[in-house]
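Peer 1: Below is a structure I'd like to ask you about.
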Number of protein chains: 2
Amino acid sequence: MTRSPTRHPSLAQRLRARGWRMTPQRVAIVAALDDARAHTTAEQVHDAVLRGGHRVSLATVYNTLSALAAMGELREVHAGRRSAAFDYNVDPHHHVVCDVCGALADLDPGVARGLRLAASQSNGFEVHGVEVVFHGRCRACAAR
Amino acid sequence: MTRSPTRHPSLAQRLRARGWRMTPQRVAIVAALDDARAHTTAEQVHDAVLRGGHRVSLATVYNTLSALAAMGELREVHAGRRSAAFDYNVDPHHHVVCDVCGALADLDPGVARGLRLAASQSNGFEVHGVEVVFHGRCRACAAR
DNA sequence: CTGCTTGCAAACGGTTTGCATTATT
DNA sequence: AATAATGCAAACCGTTTGCAAGCAG
């Protein structure tokens, strides 16, 4: 089969290809992200790394996640007043966030399809992205 | 002309009607809000009050704006990582925010009309509100 | 006179940074 | 060896809070 040798399927490989030094800390952080494959905060990633038996400072987790977000390997989501979430899924989609417990869930990607165009016509604004966050109560919190 | 005596057109009057003690600090804050009639941060309101020759602590501004938001007289908007904005316009509408200078502008209220229903069908989620924030660069920042 | 409101200053929580040390390439 | 990444602790910034003093109703 013909496969371009410059394609790197895993996150770790893509980072290596970008010239990233793959320190044990970065390996552990990337492993935690691959394992979760979901919205995670810096603290959650840090906890997961520690639980895995590795010692990484929270500052390094923050720096690493921010760098990954800056290069488009993660998407940073600021939902409400709580801490930032880093989304493993970088495809365009939106979220619902629970006002009570802060839970973050995905919304159908078909929703809000025509919105981007509409925004670009607003005040000569140059649109880079859209953050659509519905807030309310998740099923669990609404039940009690 | 027939006008109900229980209707209070001004913000100050509505607050009085709710039993709020109209201290000089609150009068000054409300005056600043009425004057701006726009998105303002706590700091901006504080500055405006000081410029008007009144002495109000920043803590009081924060407490007052939060209370007004809690009673629906302002809408709190969290756009991106910057500080919260308090929106004088509480009617449903959305925003565009500049990644460079943080400027916040309104978006056509017709946009995103069907979104709320869609969200309410997501995971049994009970929707209280929607924050739709487009980000990118405003005309001024895109020009330089 | 009652108790809500204020101001201060300190605490707070998430995040970033300066700098000396360490480790990858 | 050269250079990039780490850890620590302190700084940071927006926001909140505890408590004594003040003032509106």
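Peer 1: Please state which one of A:R82, A:R75 is within 14 Å of chain B (Cβ to nearest Cβ), among the basic types (K, R) and touching a strand residue (DSSP E or B) at 6+ places or on another chain (Cβ under 6 Å).
Peer 2: A:R75
Peer 1: Another question, if that's okay. Which of the helices (runs of 4 or more DSSP H) contained wholly in the stretch B:34-144 include at least 3 residues that are closer than 30 Å to B:R16 by Cα and modelled with pLDDT of 80 or more?
Peer 2: Fully inside the stretch B:34-144 and qualifying: B:42-51, B:58-70.
The values are calculated or read from the model by the stated rules, or taken from the named source; none is laboratory data. Just so it is clear, the model here is predicted, and its values are computed rather than measured. Note: ideal-geometry Cβ built from the backbone for every residue, glycine included; neighbour counts use all protein chains shown.
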